[in-house]
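Comments concern the structure below.
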Amino acid sequence: MLLSREESERRLTSPRNLLNVLPRDNSAVVQLHKTNGRGAAIPQSLKVIASVLAKTEPHQEIKDALNIKTIGSKNPDVVSAVERTTERIRDMALERLMLSLGIINDETLSNCGAKDAAIVARNLAGVVEKLTPKDLQGQSGVTLVVYAPQQRSEKHYETIDVKAIPQLGASR
């Protein structure tokens with residue numbers, strides 16, 4: 001996909017861009033070299049990015065690309081940042097999923113665009129599934145409750161007998 005200069009600038013400066021949301025460290029370049037048997041400290045934002053990527057990508061590829069040895073952190077700040085970022089990505093994917101499902105209607109089914117919309121919906125559903133916490137995967141992420149009142153038979157209701165009242169003046 002080719003983007004115009006304006007579109008790429010808009011995306012880079014968007015408040016929804018993850019780079020503009022994640023906490024920034026003062027260190028611009030991370031060099032992981034051996035110093036006294038230990039590597040240099042990994043910035044918190046890089047730990048967050050690696051942990052979020054690890055939910056959908058192979059760990060070894062992430063380690064190689066980011067030049068790090070391990071993925072994940074027990075630091076509560078990193079864990080909460082990963083959860084917030086993952087939830088945000090999941091919400092965005094759900095939002096796009098619902099939009100793509102809304103595109104599929106009688107008109108678009110007659111065109112070839114519905115097939116493309118179905119592919120997008122399937123892919124976004126995969127993103128949502130991968131980013132859903134393991135403890136929630138047994139449950140449905142979206143619950144639809146339909147209320148249908150129970151139908152009752154005539155026996156359930158009280159019967160009222162109505163007697164005819166003779167009309168006044170009808171006997172003349």
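The values are calculated or read from the model by the stated rules, or taken from the named source; none is laboratory data. Predicted, not measured: the structure shown is a model, and the values here were computed from it. All Cβ positions, even for glycine, are placed from backbone atoms using ideal geometry, and neighbour counts span all protein chains on display.
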Within the stretch 42-69, which residues are more than 20 Å from the chain's Cα centre (by Cα) and either of a type in the set (S, T, Y) or not in a loop (DSSP other than H, G, I, E, B) (or both)?
Q44, S45, L46, K47, H59, Q60, E61, I62, K63, D64, A65, L66
Output the residue which, of all residues in the stretch 1-29 that are of a type in the set (A, V, I, L, M, F, W, C) and surrounded by 10 or more Cβ atoms within 10 Å (Cβ to Cβ), is modelled with the highest pLDDT.
L12
For the stretch 85-97, how many residues meet the condition of being more than 9 Å from the chain's Cα centre (by Cα) and surrounded by fewer than 13 Cβ atoms within 10 Å (Cβ to Cβ)?
0
Only one of L101, L32 is at negative phi, in a helix (DSSP H, G or I) and at pLDDT below 85; which?
L101
Kindly list, by first and then second residue, each pair from a residue in the stretch 80-109 that is within 21 Å of Q44 (Cα to Cα) and of a type in the set (A, V, I, L, M) to a residue that is outside any helix (DSSP H, G or I) and modelled with pLDDT under 85, limited to pairs with Cβ atoms under 9 Å and residues at least 6 apart or on different chains.
A81/L22; A81/P23; V82/G72; V82/S73
Does R38 fit the bill of being modelled with pLDDT of 85 or more and among the charged types (D, E, K, R)?
no
